[in-house]
């Protein structure tokens, strides 16, 4: 990583500048020079060069080359000039119209000129021994092409130069002009009646409020809804909003920032820090300040602030519940701090998605009699995406009318300016208040002899940065940190410069920086930060961003700002693609834990972009696999398990992992992909992924890698899951035995952070019902107790809905219905508290299976059907044939037998096609019962015989006995199937009620 230990890095290789180039040439010079005496020609040209140089330098430019009969000059090269374009055009016109310029032979000289504006890369004076040009760029070539197209006595200027003049000069368009290398352009001829500016006027501080009467009236009238002020930078949005926030009234401002846009809850974090006074709030200070918040509410604020105590919520709340907790905590804190007053959200175009969630909640809970909510933004794209459906008064701000601009100037105390200068100011500003403010504020530093008014805000702001003197290098480095930055990070970046505090004071005095809280500073305007940043060469920018990234991971890692999203932003700008991908992945995981799904998705996609830019660098494929897995996991929650983007993401994981399946580093990614495939009922993909996991485990074992046990546990867990859902229970028990032998709670519980679940807990979840299905009911109580003890030892609330809901299934199968229902209800309640919607749907379906009476009325059946449809909609297909068969049985009990028969037959076909046959014998049995009700006894007998055979092959003795009992009730059955089924149970075995009878196996 580049080391930037000295301040000399700024400018040592040059900078980027917007300059205006002037190219003057003499018509007919070759013919004249061919007959002139060489010495006479030299002396005459020296005189011409001298006159031209004087004019250029008087206008603030510098001559960079003399080319025979031509003069090349540049304005704004060594130091930015707010009116460089105007000065260059006037210099060109003055040279072209030099009075009394005649050749030695007495003939008049005809001159012509071209002027163009553009960006160049500069070299420091003397770099390369003086043999290299001071700047590199096409602007001089364009000026030369314009000169060639001009007639004798003309000055032609480029479109960019014309825009910078903002109507200050009289021009005539010349469309269709062919310029070699630039194509056909509309260029502009400078007319003789050029306007000139007047003298300077004193700088005036302050930003007056002028006009905006209709907009202010709309805000006052919108007493029942928030107002959004929309307009370009500098149009006066903040000024208008400020009129509703006098200093003696309560208010709060939440400022979004460009570099912090990837950090969830950034404006609220800054606000909370500002409230603490020293910028370092603690849980104790939060508790004292927000006495109405409960413990979890304080922890929510602590999590936003990055305090370690907030991490307690991460283990207790699922993503949606965590997001809701944080939003509620922030809303409570804001209302407590500002019980009545104005809440202002600045620059929503930079607001992160998580913060939009808080803003949306505030808008929904808005009490108009207590709060006025104002917002500003440059555009409405994000607003429509995040705040749709909420009442909102959108108020657009347009440029000032001339009368308003004149009143604005009057408020600055510029009465001493003559009318021509005032009109020139108004033309240049284009009705943008910030343009007017900056032009007036710095007009006193203009060259009185030139008398020009600044042409563009960009050049004006660059001049302000250049005018900072010794503080300028510090400001350029600060620009890399963003609009707002901590002083400590700047001090480390600018080291070993010892006088940073003094430089910051100078910048404040120059109105370039302003204090932004304890130990923090901010550029007075975002455009000032951009003006400083754009002066840095690309290589210098990258080196500085690399150094910032290094500091954020080292000496400044303890700064509150030093999160993975900010780190990734700097690594990205430093072209450190792979480190940036890793940091974006970390930011994605953090956002997901906070419940900020949109931010998590954005960071995961950014990680993929970085991987693509990294090309074939070592490690890129592994990071891409991790990023695709993260994206797929996020989209599962936001779009459903079977949505096209989810399938695309995990298909890409499979493709990438297949290229190097022996890499153990792919374990977590492959396990995540396997989980998606099996839940989506895609056995083919699941089997492929399980094989790849096993390959990775074997490779890790062969190479004796440190994580070989973890990857083997993951491979066995996947195989265990697959065996269960396929109904291959004997193989499943072998897998469980291997997991039991390998797993150690202390060593392997942390795998949950990488694999998304505890491996042993998942194995338990599948072992308990499998044992019961296979008739081993004597072990049930001990296995349930072991499951609950392991959950207590893990102490990970996120797994509780899984353990409770899934644990009710074997209790139900063993006939312990009341215990099953009590456990199930607890699981559904915990799922609702955590916002675990998937487990809520699963719990609803099992509730109707365990307690069929819930489906004995139309309302209950509608709830059951809706849950099934929702699971299908999100792609969770794994248990749908079984649930559908139970729903069909409910329809049959209600007398809707034909519809029930069609549904149960489709369920049987779907289960067979999936080859995930765990529940298939029961699905067949339920379908057979409906067929019998429909009078199709032969179909029922065939289905039951198939169910008996399937369950017998699986060793699923409970399913075998149930199907055999039903088969024995069909006339003509010889009872052989029932006898065979009974033979697998001891005489004293007790089983659940089947078809209304208690079956006791005895002799």
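The values are calculated or read from the model by the stated rules, or taken from the named source; none is laboratory data. Just so it is clear, the model here is predicted, and its values are computed rather than measured. Glycine gets a Cβ as well: all are built from the backbone with ideal geometry, and neighbour counts include every protein chain shown.
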- Message: Return the residues of segment 387-409 that are part of a helix (DSSP H, G or I) and touching a residue at least 60 places away in the same chain (Cβ under 8 Å); say none if nothing qualifies.
- Response: 404, 407, 408
- Assess whether residue 623 counts as being modelled with pLDDT of 90 or more and part of a helix (DSSP H, G or I). no
- Message: Please determine whether any residue of segment 354-376 is surrounded by fewer than 17 Cβ atoms within 10 Å (Cβ to Cβ) and more than 34 Å from the chain's Cα centre (by Cα).
- Response: yes
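One line per residue, one yes/no per condition, for (1) at pLDDT below 80; (2) closer than 29 Å to residue 231 by Cα; (3) buried (at least 21 other Cβ atoms within 10 Å of the Cβ):
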| position | (1), (2), (3) |
| --- | --- |
| 447 | yes, no, no |
| 453 | yes, yes, yes |
| 460 | yes, yes, yes |
| 466 | no, yes, no |
| 475 | no, yes, yes |
| 480 | no, yes, yes |
- Contact list, first residue from segment 160-171 and surrounded by 21 or more Cβ atoms within 10 Å (Cβ to Cβ), second anywhere and modelled with pLDDT of 80 or more and in a loop (DSSP other than H, G, I, E, B), beta-carbon distance below 8 Å, six or more apart or interchain, is 169/191
- Message: Looking at segment 502-517, can you tell me whether even one residue there is outside the structural domain of residue 350 (by TED's automatic domain parsing), modelled with pLDDT under 90 and within 25 Å of the chain's Cα centre (by Cα)?
- Response: yes
- Note on the structure: Within segment 84-106, residues assigned to a loop (DSSP other than H, G, I, E, B), out of contact with any helix residue (DSSP H, G or I) (no Cβ under 8 Å at 6 or more places or on another chain) and at negative phi come out as 97, 99
- Query: How about segment 53-70: which of its residues are modelled with pLDDT of 90 or more, surrounded by fewer than 20 Cβ atoms within 10 Å (Cβ to Cβ) and in a helix (DSSP H, G or I)?
  - Reply: 53, 54, 57
- Query: Quick check, is residue 865 within 42 Å of the chain's Cα centre (by Cα), in a helix (DSSP H, G or I) and surrounded by fewer than 22 Cβ atoms within 10 Å (Cβ to Cβ)?
  - Reply: yes
- Evaluate segment 962-974: report whether one residue or more is touching a strand residue (DSSP E or B) at 6+ places or on another chain (Cβ under 6 Å), in a helix (DSSP H, G or I) and touching a residue at least 12 places away in the same chain (Cβ under 8 Å). yes
- Query: Of the residues in segment 726-736, how many are in contact with a helix residue (DSSP H, G or I) (Cβ under 6 Å, 6 or more places away or on another chain) and assigned to a helix (DSSP H, G or I)?
  - Reply: 5
- Can you tell which of 384, 349 is in contact (Cβ under 8 Å) with a residue 40 or more places away in the chain and outside any strand (DSSP E or B)? 349
- Being modelled with pLDDT of 85 or more, surrounded by 22 or more Cβ atoms within 10 Å (Cβ to Cβ) and outside any helix (DSSP H, G or I) is the filter here, so list the residues in segment 790-843 that pass it. 814
- Item | Odd one out for residue 705, checked against (1) part of a helix (DSSP H, G or I); (2) farther than 20 Å from residue 761 by Cβ; (3) in contact (Cβ under 8 Å) with a residue 40 or more places away in the chain; (4) over 32 Å from the mean Cα position of the chain (by Cα) | (1)
- Query: Hey, any hits in segment 575-587 for a residue that's touching a residue at least 60 places away in the same chain (Cβ under 8 Å), surrounded by fewer than 19 Cβ atoms within 10 Å (Cβ to Cβ) and either touching a helix residue (DSSP H, G or I) at 6+ places or on another chain (Cβ under 8 Å) or not assigned by TED's automatic domain parsing to the domain that holds residue 274 (or both)?
  - Reply: no
- Query: Has segment 331-343 got any residue that is at pLDDT 90 or above, closer than 19 Å to residue 224 by Cα and crowded, with 22+ Cβ neighbours inside 10 Å?
  - Reply: yes
